[in-house]
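A short worksheet on the structure shown next.
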Amino acid sequence: MPHKRKSFEEVQEILNILEETYPEARCELNHENPFQLLIATILSAQTTDKKVNQVTPDLFSKYPTPEDFLQMTQWELEEKIREIGLYRSKAANILKTCRILVEEYHSQVPSEREALMKLPGVGRKTANVVLSNAFGIPAIAVDTHVFRVSNRLGLARSDQVAETEEQLMETIPKEQWSSAHHLLIFHGRRICVARNPKCGLCPLKQYCQYYAEAKNLSGNR
Ligand code: SF4
């Protein structure tokens, strides 16, 4: 079935339905300031937010600043985050990032994408999460959920993360980028899950490209 671009009205209807379904949608990584969010987001790669939230309270209360983190050896930090996937490389990246924050940014987290993306362990997705959640700068971080849900719905059509982000930025008005990011993640975690999406429960069926294609296929059998 050819990909039909969603109209402005359809996009708004989809976002309205998601807002009604998930009024509590927000960043699920617990944090109190940009530094905590940056570290939590680095930790969250290929790990659940729940797992990160189990580890960070103790870490942030003992080591609240980049200088405090630099008091730890890499091995000590590894020990504190070892329940988290890829903990060795994450510990190394976090300590390198803390050193740059101390030496180049007066221990503050920069609020420019370019500067953020130069920090070890920080890619475009992490930078977008920090920009939108810590600094209120519109951005759509495309993680695995946003990628899957937006392509299933037809808000984007691409097998590339960067292209999906570009298409979402074209499709969704800028002032809605950050909220759309949270709404798509909430939907992807609860209903539009990776394996066997719960389409029967989904309030977006009538707008969904994937659902229409699946229905078409089963109807043609
Ligand atoms: S109808 Fe199914 S595939 Fe489409 S958004 Fe809903 S859960 Fe996902």
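Given the residues 15, 95, 59, 86, which is the only one that is in the same structural domain as residue 206 (by TED's automatic domain parsing), surrounded by 13 or more Cβ atoms within 10 Å (Cβ to Cβ) and not charged (D, E, K, R)?
It is 15.
Can you tell which of 190, 157 is farther than 30 Å from residue 110 by Cβ and more than 11 Å from the ligand (Cβ to nearest atom)?
After ruling out the rest, the residue left standing is 157.
For the structure I just gave you, tell me whether residue 129 is crowded, with 19+ Cβ neighbours inside 10 Å, part of a loop (DSSP other than H, G, I, E, B) and β-branched (Val, Ile, Thr).
Answer is no for this residue.
Sort out which residues of region 24-60 are more than 22 Å from residue 135 (Cα to Cα) and in a helix (DSSP H, G or I), and write them in order of number.
50, 51, 54, 55, 58, 59
When residues of region 160-187 are filtered for being within 16 Å of the ligand (Cβ to nearest atom) and outside any helix (DSSP H, G or I), how many remain?
Within region 160-187, residues that are within 16 Å of the ligand (Cβ to nearest atom) and outside any helix (DSSP H, G or I) number 1.
The values are calculated or read from the model by the stated rules, or taken from the named source; none is laboratory data. Keep in mind that this is a model prediction, so the values were computed, not measured. Note that we place each Cβ from the backbone using ideal geometry, even for glycine, and neighbour counts take in every protein chain shown.
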